[in-house]
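S.K.: I am attaching a structure below and will ask some questions about it afterwards.
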Amino acid sequence: MQRIGVLTSGGDASGMNSCIRAVVRKAIYHGLEVIGIRRGYSGFIDADMGPMNLSSVADIIGRGGTILHTARSERFMTREGRAMAMENVERFGIQGLVVIGGDGSFTGASIFYQEHGIPVICVPGTIDNDIAGTDYTIGFDTAVNNVVDAINKIRDTATSHERTFVIEVMGRNSGNIALAAGLAGGAESILIPEIPFNVEDICKKLLNGIKRGKLHSVILVAEGAASGLEIGKKIKELTGFDTKVTILGHLQRGGSPTAFDRILAARLGAKAVELLMAGETNKMVGIRAGEIVATDLTEVLGKPSPINKEMYDLARILSI
Ligand code: ATP
């Protein structure tokens, strides 16, 4: 292995830059050359790529987003598109590929490997933390901290005005962001797609809280569970409380990565390079019980990534 390629794909996640930095510097440390591929699989097909050196990744460790940019590519989902990418692999002399992204990106990488035999190692970079084979994905911790920060601010207003606030957070089909941020931020109720809920129970809890002298309530809704606006409307109908809704949207993704995400990104990126050097392929690097591990993509793709039920139960107990 003399030359590897690296790309970021799918939704951006804070810490992707820290990971690119780790891949580039670890590879150069071992005498490899690195080709940076811009705009994910789109740039892979269009030959939007070029050599990276130590200074290409200077001063990016604390920056959110991805200097390589990211994209979604319909063309890579076709055999013809992937054949075009393969032409660029040959043209640029790429012998192994590091793909930083989510499960869609990993599916693309795995198909590419099966069709063309180019070794691929995937690194989980998505705020949703919804990938099997790893306890955490790069960007999740930063997103959770962004949400907690927002809860703190909204709580000030909720207390001052004695109001109920519904906050809708991201996560696609996963409740992980809502659950972690809800526990950290002391939300009164957390609505996630993995656990059934009914709005009547939430209202009962709200009314009990008011009876006890609670001045405010924060209800966190994962986007995969329900629409924050709908929940807010229903609560207002059932309780008569002035209920405000905030949809955090893209505020959650960006910002400087937390130390946790930077360290995770550094460890995973470095491990990806080690695996390519060791002749491994079709694997994802991840963290499990604090250890950096490699898992075959067949054990990752299409496999569930369940929420931590113990954490959910605890959040319920503590928010009584
Ligand atoms: P996130 O979880 O942040 O959205 P993701 O990697 O899951 O990230 P997707 O949009 O699902 O995001 O996938 C990114 C890209 O991966 C797609 O635009 C496409 O180019 C490629 N891809 C996804 N699924 C396939 C597939 N079945 N075959 C080939 N390529 C795929």
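S.K.: Around residue 245, which amide H atoms from residues at least 5 apart in sequence, or from another chain, sit under 5 Å from its own amide H, with H modelled in the peptide plane?
M.R.: Here 166 satisfy the definition.
S.K.: Taking amide H positions as placed 1.01 Å from N in the peptide plane, with prolines and chain starts having none, which residues 5 or more places from residue 96, or on another chain, fall under 5 Å of its amide H?
M.R.: Hits under the 5 Å cutoff: 5.
S.K.: Which ³J(HN,Hα) values in Hz, rounded to whole numbers, follow from the phi angles of segment 3-12 under the Karplus curve 6.51 cos²θ - 1.76 cosθ + 1.60, where θ = phi - 60° and Gly and Pro get x?
M.R.: 9, 10, x, 9, 9, 10, 9, x, x, 6
S.K.: While we're here: Once Rh is set to the Kirkwood radius over Cα pairs, what Stokes-Einstein translational diffusion coefficient, in µm²/s, holds for segment 142-253 at a temperature of 37 °C and a viscosity of 0.692 mPa s?
M.R.: D, rounded to a whole number, is 241 µm²/s.
S.K.: List the residues whose amide H sits under 5 Å from the amide H of residue 221, counting only those 5 or more places along or on another chain, with H placed 1.01 Å from N in the peptide plane.
M.R.: Long-range HN contacts for residue 221: 167, 168, 169, 191.
S.K.: Report the FRET efficiency, 1/(1 + (r/R0)^6), for residue 244 and residue 46, where r is their Cβ-Cβ distance and R0 is 35 Å, rounded to 0.05.
M.R.: 0.20
S.K.: Starting from the Cα-Cα distance between residue 288 and residue 77, subtract it from 0.36 nm times their residue separation and give me the gain in nm to one decimal.
M.R.: Gain in length upon complete extension: 72.9 nm.
S.K.: Please give every one of the lysines within straight-line cross-link reach of residue 26, meaning a C-alpha to C-alpha distance under 24 Å, and leave out same-chain neighbours fewer than 8 residues apart.
M.R.: Straight-distance partners of residue 26: 271, 283.
S.K.: Can you report the principal axis dimensions of the chain using only the alpha carbons, biggest first, rounded to whole angstrom?
M.R.: 69, 37, 33
S.K.: Still on this structure: Rounded to the nearest 0.05, what FRET efficiency do residue 53 and residue 84 have when you use their Cβ-Cβ distance and R0 = 35 Å?
M.R.: 0.85
S.K.: Using a simple spin-label model with points 7 Å from Cα along the Cα→Cβ vector, what separation in nm is obtained for residue 116 and residue 296?
M.R.: Going by the 7 Å Cα→Cβ label model, 2.4 nm.
S.K.: Then there's this: Can you work out the Karplus-derived ³J(HN,Hα) for every residue in segment 94-110? Use 6.51 cos²θ - 1.76 cosθ + 1.60 with θ = phi - 60°, whole Hz, and x for glycine or proline.
M.R.: For segment 94-110, the Karplus-derived couplings read 7, 10, x, 10, 9, 10, 9, x, x, 5, x, 4, 5, 4, x, 5, 5 Hz, x marking Gly and Pro.
S.K.: Given the C-alpha centroids of segment 1-79 and segment 94-113, what is the distance between them in whole angstrom?
M.R.: The two parts, judged by their Cα centres, are 12 Å apart.
S.K.: Here is a further query. Rounded to whole Hz and in sequence order, give me ³J(HN,Hα) for segment 130-142 from the Karplus expression 6.51 cos²θ - 1.76 cosθ + 1.60, θ = phi - 60°, writing x for Gly and Pro.
M.R.: Result, ordered by residue: 10, 10, 5, x, 8, 6, 9, 10, 5, x, 5, 4, 5 Hz.
S.K.: Order 106-112, 54-60 from most to least packed using the mean count of other Cβ atoms within 10 Å.
M.R.: On the way: 106-112: 21.7, 54-60: 13.7.
Per-residue mean Cβ counts within 10 Å order the peptides as 106-112, 54-60.
S.K.: Counting alpha carbon pairs within less than 8 Å and at least 6 residues apart, what relative contact order, in whole percent, applies to the chain?
M.R.: Reported relative contact order: 23 percent.
S.K.: Compute from the Cα atoms of segment 1-102 the Rg and the Dmax, the latter being the longest Cα-Cα distance, and quote both in angstrom.
M.R.: Calculated on Cα positions, Rg and Dmax stand at 12.9, 38 Å.
Any read-out appearing in this document is the output of simple, stated calculations on the displayed coordinates, not a laboratory observation. Because the structure is predicted, anything quoted here is derived from the model rather than measured. Every residue, glycine among them, receives a Cβ derived from its backbone with ideal geometry; neighbour counts consider all protein chains shown.
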